[in-house]
Each structure stands twice: as C-alpha cells, then as structure tokens.
Amino acid sequence: MANKEKVMFNEGQLETLCKIIANTDTGLTGSEIEQYLSASNIEDIDPKNTKWKRLYNAFVNRQNISKMGNCVLTFISKAMTPTRFVGQLSFYKSLLEKINTVLIFKGLEFREDGKFYKVTSARTLSEAEIRVSKLKETIASRNLHGHLLKFCKAELLQNNYFHAVLEATKSISSMIREKTGLEGDGATLLDAAFSGSDPVLKINPYETESHKSEQKGFVNLTKGLFGTFRNPTAHSARIEWALAEEDAVDLFTLASYVLRRIEKSS
C-alpha cells in the first residue's frame with residue numbers, strides 16, 4: 001500500500017488540501033470533519049475555527065507529533081471512500097482531480113477504487129494539472145492530431161471547452177495556410193484551397209466524379225464544423241453557449257480527422 005510509506009506535506013500543500021476537502025459549498029460539513037478526524041486518530045484541536053483552518057490545524061499538529069503526514073492520507077481515504085458518493089460520480093471525479101493535483105507532487109494518486117497508488121512525482125503545476133485532468137484519458141484514447149493540441153492545450157488543461165473549441169477550429173485554418181501559402185480564414189480559405197476545377201489541395205487523386213464528390217463533401221463537412229462551432233464561440237458570450245465535455249471531445253475528434261486529411265492532401 002502506497003500510504004504505508006512515509007509522507008510529509010508542506011504548509012502550502014496542506015492548506016490547499018484542506019481548502020478542497022472543507023470547501024464551504026462542496027466540502028465536508030463540520031460534523032463530518034469531526035467524524036473523520038476521530039476515525040483517523042487525529043486530535044481535533046481547534047473545533048471552533050472555520051472548517052478548513054480547523055482541519056489544517058489538526059493535520060499540522062498530528063504531522064508535527066508523528067513526523068509524517070500519513071495521517072492526512074488516512075483521513076482522505078476515509079472521507080473519499082467511493083461508497084459515500086453513489087449517484088454523484090461526476091462530482092466525485094471532480095473532487096478527486098483537485099485532491100490528486102496536490103498528491104501527485106508527493107508521487108501519489110487516490111483513485112476511484114478507494115486506494116492510493118504510487119506514481120511519478122510532478123515537478124510543475126502545469127504537469128500536475130495535465131496528468132490528473134479528467135480529459136487526459138479520453139483525449140489520449142482519441143489520439144488527437146498534434147497540431148490541434150498545440151492550439152488548445154492550455155484551454156484543455158483548464159477544462160475550458162468553450163475556448164478550446166475556438167482554438168481547435170483555428171488550427172484547421174492554420175494548417176491550410178501553412179500548406180498553401182494562401183491568406184484568409186474560414187470558409188473563404190477553404191474554397192480557395194479545395195474548390196475549383198484544379199484545387200490547390202486535393203485529398204484524393206481528384207480524377208473521377210467520385211473523387212470530386214468526396215472532396216466537395218470534405219469541404220462542406222469542414223464548413224459545417226466552422227459554422228456549428230467556430231462562429232458561435234467567436235460571437236457569443238461563454239455563458240450563452242454551454243458545451244458538454246462529451247460534445248467537446250467529439251468535436252476535437254472531428255477536427256483531428258479534418259487535420260489528418262489536410263496533412264495528407266497533395
């Protein structure tokens with residue numbers, strides 16, 4: 001078990017963990033903090049303080065006495081036991097993500113099976129965030145095009161789907177300009193590159209009617225991608241245009257397909 005090895009948390013790590021676990025709106029209640037401190041054999045030395053400070057002081061006191069922070073891991077394992085969150089999977093994953101962003105600096109990760117696992121320690125906050133991001137496994141499994149990820153990596157790290165969508169569609173125009181030297185953007189750029197009797201770019205030999213029909217369909221598909229996703233995000237306020245994670249991932253997959261066809265075009 002990973003939590004049997006000696007672990008020590010610094011003040012900043014403890015403070016962040018306590019603010020997550022005892023968040024005013026989404027964290028443990030005062031009575032739950034009392035319950036899990038007792039179950040973890042941690043003295044509740046400051047019960048009248050605000051929730052996160054109460055938890056922080058209890059952790060610091062116990063860690064100073066024992067000269068190790070394993071008491072914190074014990075508390076997390078009890079407070080985050082999966083059966084407490086039946087019917088709240090999305091919330092549970094979100095909470096785990098935040099906790100693991102701190103734990104990964106200690107080379108640990110708490111998973112949905114209620115156990116700690118040893119992992120390679122993160123060295124930077126950016127590394128920690130991308131490694132625990134709830135999009136990480138989904139994006140990795142889709143094998144998205146590197147050109148797309150270059151454009152929207154920062155937004156994906158923040159689970160900012162609204163702006164990631166905009167950046168993903170920008171990556172398509174960027175690749176067309178790089179391959180052709182053409183100027184412009186969006187549908188105008190698409191027509192300049194892929195339309196006409198002898199297109200600048202061809203996604204196939206462009207010899208038969210079937211080839212030409214496929215190319216026309218590709219242009220219409222890409223225009224539809226721009227019209228459906230780029231234009232609303234470019235001209236609407238974020239609050240007016242909600243985008244679910246699964247829809248965002250589907251979009252990234254489609255944009256990745258378009259990029260691969262452009263990349264292979266002659």
Amide N of the range 75-95 lying under 14 Å from the label point, which is placed 7 angstrom from the Cα of residue 119 along Cα→Cβ: 93-95
If packing is taken as the average number of other Cβ atoms within 10 Å across a peptide's residues, how do 20-30, 254-264 rank, most packed first? 254-264, 20-30
Please give the net charge around residue 18, taking every other residue with its beta carbon less than 9 angstrom from that of residue 18, where Lys and Arg add +1 and Asp and Glu add -1. +3
Compute the distance from the alpha-carbon center of the range 52-123 to that of the range 18-42, in whole Å. 12
Output for the range 1-107: trypsin sites (Lys or Arg not before Pro) sitting in coil per DSSP, at most 11 other Cβ within 10 Å, listed by number, reads 6, 48, 67
Quick check: convex hull over the Cα atoms of the range 79-129, volume per residue in Å³, rounded to an integer? 64
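Going down the list 6/51; 98/170; 212/264; 19/53; 6/53; 6/93, which pairs span over 20 Å between their C-alpha atoms?
Listed pairs above 20 Å: 6/51; 98/170; 6/53; 6/93.
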³J(HN,Hα), Karplus 6.51/-1.76/1.60, whole Hz, each residue of the range 199-204, x for Gly, Pro: x, 4, 10, 10, 8, 8
Would you list, by chain and number, the aspartates and glutamates whose Cα falls below 16 Å from the Cα of residue 115, excluding same-chain residues fewer than 8 positions away? 5, 97
Size of the range 2-131 along its principal axes in angstrom, Cα-based, largest extent first? 37, 37, 24
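Throughout, read-outs are computed from the coordinates displayed, never taken from laboratory work. Treat the numbers as computed from the prediction; the structure is a model and nothing was measured. All Cβ positions, glycine included, derive from the backbone under ideal geometry; neighbour counts span all protein chains shown.
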